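Coordinate-derived values only; no laboratory data. Keep in mind that this is a model prediction, so the values were computed, not measured. Glycine gets a Cβ as well: all are built from the backbone with ideal geometry, and neighbour counts include every protein chain shown.
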Amino acid sequence: MSLNNSTKTKENTYEVEVSVDAETFAKACNKAYKKQVKNINVPGFRKGKAPKHMIEKMYGEGVFFEDAMQDCYPEALDAAAKEAELNVIAVESLEAMDASEKDGFTFKATVITYPEIDINDYKGITVKKKSTRVTKKLIDEEIEKVRDRNSRMVTVEDGAVENGDMVVIDFEGMKDGVPFEGGKAENYNLAIGSGNFIPGFEEQIVGHKTGEEFTITVKFPEDYQAEELKGADAEFKINLHEIKRKELPELDDEFVKDVSEKETLDEYKEEVKETVKKRLEAEQKKDIEDQVITKLCDAVEGEIPEQMYDNAVNEMIQEFDMRLRSQGMDFNTYMKYMGATPDTIKEMYRPDAEKRVKLRLALEKIAEKEAIEVSEADLDAEYTRLADQYNMKVEDVKKAINDEALSADLKTQKAMDLAVNSVKAESKKAAEDKKED
């Protein structure tokens, strides 16, 4: 293989002319012959037994050229790219020129290269910090969540339905006095206030008591899925069998002993305070990272090939498909269920794909500018962390991830840490911080 010339035609795009020597091309032609001969008929020979020169005589000298060229392209392009010092990410077009087994062949390729970008404003990024102050209100809200998780449903013997209750009902819907499909159920459990039914349905059950039979009127939304019910007025006959209401446990020392290892309510409140503090700090860190990511992406200077965005979209779809399969579904089933198409899914992922590509380029450039290095100790520590995380042996993790890929990831992570650790935080007190506990 020899690189004849390399010409930049536009940003991130080059045209290269490459020659493949006669020996290499002849071997590829013989390989193509062995692959195709079993399917070629030549009079006077059993199928699959015709000599190569007889097939060429019958079908032309170039009968095996196309397959042979396809076999040669990858290695020839890779060698040419290395010689021209091009980091190729995609091949836009290939055009074969002169070809013969005794001389080899020449081809032109238009290739897309990894972009040369720049980034300057990555240190001292200004961010707004979320408050991490733990207020009495936050502690009370956290304790109420725990009480709610430990609540039980009790039957309301004497009383009317309230918002938040669970009711057991029979219902039958009618449009113009005629029952419609899907409008009937018995002993149906409905959470009042959940919004699971059409607007106005749950609200009209509020105030009624167990044993009552009554009729409510509703209007179906204009965008309702059943065509015949869109925007239609309807009546529902309701038979209310049971009302169940959430009963929260008493907030006392006994409750504390049931849900924690603390003995008293005051001790438990201190524990909850620490839990809330850690959560707020994690949320603050995540929010700062999100702000830094946005500003790094905005600071990227340079033209980025569309192919990189397209590749990122496809990667994200593949990742989503893997998650779906782990849940017993596949991508095609999901699209059918959601009424989506490949194009609409790609459009949905496009903004995140652009951010992923720009962030990666930004972090790679920061690592280059800051001369960030990854040591053997860094790699060993990360292999150990991954092994612990996935409950694997370190040697098995090393088989799945090579040093080069892991080193690249660690470099970008160090670049991200550098940007995050150098932020300038604008003090911004939340409204609750201005109030006394």
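So the values come out like this:
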{"item": "Under 12 Å, Cβ to Cβ, from A32 - net charge with Lys/Arg +1 and Asp/Glu -1", "result": "0"}
{"item": "Karplus 3J(HN,Hα) series, Hz, for segment 328-341 with 6.51 cos²θ - 1.76 cosθ + 1.60 (x for Gly, Pro)", "result": "x, 10, 10, 4, 5, 5, 4, 4, 5, 5, 8, x, 9, 10"}
{"item": "Cα pair count fraction exceeding 22 Å, expressed as % - segment 261-426", "result": "64 percent"}
{"item": "Geometric extent, Cα atoms of segment 2-113 - Rg, Dmax (angstrom)", "result": "16.5, 57"}
{"item": "Leading residue at positive end of dipole, segment 14-69 (Cβ point charges), from G44, A26, Y59", "result": "G44"}
{"item": "Listed residues P179, I205, A232: farthest to the positive end of the dipole of segment 152-247 (Cβ charges)", "result": "I205"}
{"item": "For R46, R245, order by how many other beta-carbon atoms lie within 10 Å, fewest first", "result": "R46, R245"}
{"item": "Rotationally averaged projected area of segment 152-247 (alpha carbon convex hull; nm²)", "result": "5.9 nm²"}
{"item": "Sparse-neighbour loop sites [GluC sites (Glu not before Pro); segment 205-299; at most 16 other C-beta within 10 Å; DSSP]", "result": "E212, E222, E250, E261, E263"}
{"item": "Residue-span extension gain [R360 to K273] - 0.36 nm each, minus C-alpha spacing", "result": "27.6 nm"}
{"item": "Per-residue HN-Hα couplings for segment 373-383 [Karplus 6.51, -1.76, 1.60; θ = phi - 60°; Hz; x = Gly/Pro]", "result": "10, 10, 8, 4, 5, 4, 5, 4, 5, 6, 4"}
{"item": "Label-point separation in nm, V178 to A408, each point 7 Å along Cα→Cβ", "result": "6.4 nm"}
{"item": "Contour excess over end-to-end distance, with Cα ends at E301 and K393 and 0.36 nm allotted per residue", "result": "28.9 nm"}
{"item": "Semi-axes of the equivalent ellipsoid for the chain, Cα gyration tensor, largest first, Å", "result": "63, 38, 22"}
{"item": "Modelled FRET efficiency - R0 30 Å, N311 with A377, Cβ distances, 0.05 increments", "result": "0.35"}
{"item": "Intensity falloff of segment 66-133 expressed as log10 I(q)/I(0), Debye formula with alpha-carbon point scatterers, at q = 0.12 Å⁻¹", "result": "-0.50"}
{"item": "Dipole magnitude of the chain, debye to nearest 20 (Cβ charges: Lys/Arg +1, Asp/Glu -1, about Cα centre)", "result": "1300 debye"}
{"item": "Extension reserve of the K31-N189 stretch, reckoned as 0.36 nm per residue once the Cα distance is removed", "result": "49.9 nm"}
{"item": "Karplus-derived HN-Hα couplings along segment 204-221 (A = 6.51, B = -1.76, C = 1.60, θ = phi - 60°), whole Hz, x at Gly and Pro", "result": "7, 7, 4, x, 8, 10, 4, x, 7, 10, 7, 10, 10, 10, 9, 10, 5, x"}
{"item": "Residues whose placed amide H lies under 5 Å from that of T113, excluding near-sequence neighbours", "result": "T13, Y14, I89"}
{"item": "Neighbour-count ranking [beta-carbon atoms within 10 angstrom, fewest first] of T333, T135", "result": "T333, T135"}
{"item": "Neighbourhood net charge (11 Å Cβ-Cβ; Lys/Arg +1, Asp/Glu -1) for K369", "result": "-2"}
